[in-house]
Amino acid sequence: MGRFLFVVPPLVGHVNPAAGVAAELTARGHEVAWAGHAELLWQLAGPDALVFSCALPAGVAERPPGLKGPAALRFLWQDFLVPLADAMAPGVDAAIDAFGPHVVVADQQALAGGLLAEARGLPWVTSATTSAELTDPLAGMPKVAEWVGELLAGLRARVAGGRGSADPRFSPHGVLAFTTSELLGSAELPPRTRLVGPALGSRPSTTDFPWEWLDPLCPTVLVSLGTANTGAGAEFLTATAEAFAGLAARAVIADPGGVLGEVPPNVLVCPRVPQLPLLPRVDAVLCHAGHNTVCETLWHGLPLVVAPIRDDQPIVAAQVVAAGAGIRLRFGRADAPRIAAAVTEVLTEPSYRRAAETVAASFHAAGGSAAAAGHLEQLALESLARLRP
């Protein structure tokens, strides 16, 4: 059987899809190991996961809440992606030596994975947990693309001895994209891209939830801004709670930063929510257009209200609107009346739900974790065949 090494950044939304694929490979009898942030991986992939710990950059600057556009892109590359790759590289190298993988599965934002796999002559596959990179967001910014290329060249020289030439975000062996064309649209994709849909595996429970609070006779909306937007979300979540005061609906608001005070009786505030078990029991989702939250919502055929903040979120939000599965709000201008109107619209106009169900059907047909595992198995078989005398 095959040995698969998953290289992931310390980001929940990037680990969860990989964990679904890893669980499927394990169920098929393969060996799986991880290179990344040990504590987070044991939390999300399970306490028995084989983890090779990678260092994090020292003194990582916290991104200012209001940073958007080109400034946010510069911060992402210069202050996060490249320092993260430099820090992770020794741990990834050690994991390859100790585990001896037949295939490396490298997240698009864990650049050390692709660089070192290529330098070591190993087959590797890119895990694209957001569709934003697949649409080439730098196509209209040639100077920015050139700058990113220079950053990657310097990184390759430092961590891989200058060996290799492939873009570590797009493996020539294949790209696993956790979406489908029904959401992605008709964008031209990198070669050997596999649209597998969301990879939803079982997740270890990390929180208690008062399930008895839910009322099946009253529409309920899940509200989440993800795990990386606490600083930016206080005003938005406050406006959301105010919006529901006048609605004949309930809201479950994820508030990891504890920014909300007193809320109306039809609003439940939780530091964390069990998102996957909760989604089948709600009627819509209001979120930041994070790719995982959007795909998990659409997997269940639920309509969305999306208020993108930065990074890939405007691209994902545009995909939701183009698919007809939701309404987009401007995050900085989303006051209580606008939020209330958008929530009411997706709850009462059936076309949004129908469009969401169309995307859901495509997700289920794409195969998810099973399809992704199948592609990886084939690559491992090819790798093993080359190793045999």
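The values are calculated or read from the model by the stated rules, or taken from the named source; none is laboratory data. Quick caveat, the model's predicted, so the values are computed rather than measured. With ideal geometry, Cβ positions are generated from the backbone for all residues, glycine too; neighbour counts draw on all protein chains shown. Keep in mind that these areas ignore ligands, DNA and RNA; they rest on the heavy atoms of the full protein, side chains included. Shrake-Rupley method; radii C 1.70, N 1.55, O 1.52, S 1.80 Å.
See the values below:
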| item | result |
| --- | --- |
| Only one of 301, 246 that is open to solvent by 20 Å² or more (accessible area, probe 1.4 Å), out of contact with any His (no Cβ under 7 Å at 6 or more places or on another chain) and over 30 Å from residue 76 (Cβ atoms) | 246 |
| Residue 311, sole failed condition from (1) farther than 13 Å from residue 240 by Cα; (2) in a helix (DSSP H, G or I); (3) open to solvent by 40 Å² or more (accessible area, probe 1.4 Å) | (2) |
| Residues located in segment 89-115, provided they are surrounded by fewer than 24 Cβ atoms within 10 Å (Cβ to Cβ) and aliphatic (A, V, I, L, M) | 89, 94, 96, 98 |
| Residue list for segment 163-192, filter: in contact (Cβ under 8 Å) with a residue 60 or more places away in the chain, open to solvent by less than 80 Å² (accessible area, probe 1.4 Å), within 23 Å of residue 289 (Cα to Cα) and touching a helix residue (DSSP H, G or I) at 6+ places or on another chain (Cβ under 7 Å) | 169, 176, 178, 179, 180, 183, 184, 185 |
| Segments classed as strands (runs of 3 or more DSSP E), wholly inside segment 77-188, with at least 2 members that are at pLDDT 95 or above, out of contact with any Pro (no Cβ under 7 Å at 6 or more places or on another chain) and under 18 Å from residue 35 (Cα atoms) | 103-107, 124-128 |
| Among the residues listed as 267, 263, the single one being open to solvent by less than 30 Å² (accessible area, probe 1.4 Å) and either in contact with a helix residue (DSSP H, G or I) (Cβ under 6 Å, 6 or more places away or on another chain) or basic (Lys, Arg) (or both) | 267 |
| All positions within segment 270-286 that are surrounded by fewer than 16 Cβ atoms within 10 Å (Cβ to Cβ) and at pLDDT 95 or above | 280, 281 |
